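S.K.: Mind having a look at this structure? Questions to follow.
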C-alpha cells in the first residue's frame, strides 16, 4: 500500500447561498470588508467569491446569521483560491475559531432548509 493517501473529506457539505460579510487586512494593514454569499458551506468551512485578493494562509473574519437572525462571527483561514467569474476569486476557507458557532449555523440552516422542503 502506498504511503501517500488521498485526503478524505468527512465534512458534510451543502450548496447554500448564505449572505456573508468577509473582512480582513490588506498587506499595507488597511482593513477591508466585502459582502458576498457562499456557494456552499460545510461543517468545517465555506466557499465564496471575492473581489478582494487574498492568499492561502491568510486570516479572514466571516459574519453571517442563523435563520432565526442570531448573528455569527468566526475566524477563518484561506485554504485555496482559484479564478472566479467576472474577475473575482473563488475562495475556500476553513473555520479556525468558534467552530462550535459555525457548526450551529450549519445545522440551523440545514434544518431550516429541510423544513421549507416539507411545507
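The values are calculated or read from the model by the stated rules, or taken from the named source; none is laboratory data. Model, not experiment: these values are computed from the prediction. So basically every Cβ, Gly included, is an ideal-geometry build from the backbone, and we count neighbours across all protein chains shown.
S.K.: Kindly indicate the residue of the range 25-54 that is at pLDDT below 95 and surrounded by fewer than 16 Cβ atoms within 10 Å (Cβ to Cβ) and also nearest to residue 97 (Cα to Cα) among those meeting that condition.
M.R.: If we take residues in the range 25-54 being at pLDDT below 95 and surrounded by fewer than 16 Cβ atoms within 10 Å (Cβ to Cβ), then 25 is nearest to residue 97 (Cα to Cα).
S.K.: In the range 66-109, which residues are touching a helix residue (DSSP H, G or I) at 6+ places or on another chain (Cβ under 9 Å) and either at pLDDT 95 or above or under 13 Å from residue 22 (Cα atoms) (or both)?
M.R.: Our first condition is that a residue be touching a helix residue (DSSP H, G or I) at 6+ places or on another chain (Cβ under 9 Å); within the range 66-109, this holds for 66-68, 70, 72-74, 76, 95.
Listed by number, the residues that qualify are 72, 73, 74, 76, 95.
S.K.: Let me ask another. Looking at the range 1-24 only, could you name the residues that are in contact with a strand residue (DSSP E or B) (Cβ under 9 Å, 6 or more places away or on another chain) and either modelled with pLDDT under 90 or closer than 14 Å to residue 109 by Cα (or both)? Lay out the reasoning, then the answer.
M.R.: We begin by selecting, within the range 1-24, every residue in contact with a strand residue (DSSP E or B) (Cβ under 9 Å, 6 or more places away or on another chain); these are 9, 11-24.
Within the range 1-24, 9, 11, 12, 13, 14, 15, 16, 17, 18, 19, 20 meet the criteria.
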